[in-house]
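I have placed the structure first, in the form of structure tokens, so that the comments after it can refer back to it.
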Amino acid sequence: MRIGVVSDTHNNLRNIGRIVSLFRSAGVARVIHTGDITQPPALRALAEVEVPILGVFGNNDERAALAEAAAQVQAELEEPPFTWELAARRILVVHDPEEFPADPITDIDVLLHGHTHRRTLEATPERLLLNPGECAGHLAGHQTVAVVDLETLTPELLHF
């Protein structure tokens, strides 16, 4: 299973349109958003990828409004930290990397975060730590999302 990973879109509808195109072309089966979607129009625009969206709330998210919008599209938004199991992989998602548990994490295959607007990629055959990076448009020419093959834990960064 291939999943799309995105963070910190901050209601940038133009960039979200680009992200939808990238994820459709990549054939992702799910999208995981690591927080700071910000407002319902951004979630509705991301839902145009037409696959289920999983995500956690970020520090800039309008939680009540986004929860209501999530109920209207194929989205599940949770408070971080939150763990999903997809394709026999356990995926821990937070917004701020400070939200990762202090105890050593041994039963998680993929750790995803956002918040910093900086790409983080640490991959071993057993585990992947990833922040897909800048999506809000703050750093022109440096926007990225990721596609992760859950079978091999192989990430691919897509620039836009």
*Does N11 fit the bill of being among the polar types (S, T, N, Q), exposed (fewer than 14 other Cβ atoms within 10 Å of the Cβ) and either in a loop (DSSP other than H, G, I, E, B) or touching a helix residue (DSSP H, G or I) at 6+ places or on another chain (Cβ under 6 Å) (or both)?*
no
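Residues checked against (1) surrounded by fewer than 18 Cβ atoms within 10 Å (Cβ to Cβ); (2) over 16 Å from the mean Cα position of the chain (by Cα); (3) within 20 Å of F160 (Cα to Cα):
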position: A47; (1), (2), (3): no, no, yes
position: R90; (1), (2), (3): yes, no, no
position: V94; (1), (2), (3): no, no, no
position: P125; (1), (2), (3): yes, yes, no
*The lone exception for R24 - which of (1) in contact with a helix residue (DSSP H, G or I) (Cβ under 9 Å, 6 or more places away or on another chain); (2) assigned to a loop (DSSP other than H, G, I, E, B) it fails*: (2)
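From I32, I37, grab the single residue that is part of a strand (DSSP E or B) and under 14 Å from D8 (Cα atoms).
Result of the check over I32, I37: I32.
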*Output the qualifying pairs, or none if there are none: Cβ atoms under 8 angstrom, residues six or more apart or on different chains, first residue in segment 82-110 and under 22 Å from D36 (Cα atoms), second residue among the aromatic types (F, W, Y) and assigned to a loop (DSSP other than H, G, I, E, B).*
L92/F100; V94/F100; H95/F57
*Name the pairs whose Cβ atoms lie under 7 Å apart, with the first residue in segment 123-152 and more than 18 Å from A26 (Cα to Cα) and hydrophobic (A, V, I, L, M, F, W, C), the second at pLDDT 95 or above and surrounded by fewer than 13 Cβ atoms within 10 Å (Cβ to Cβ), and 6 or more positions between them or separate chains?*
L129/E122
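The values are calculated or read from the model by the stated rules, or taken from the named source; none is laboratory data. Every value quoted in this text rests on a predicted model; they were computed, and no experiment measured them. Positions of Cβ are generated from backbone atoms using ideal geometry, with glycine treated the same way; all protein chains shown enter the neighbour counts.
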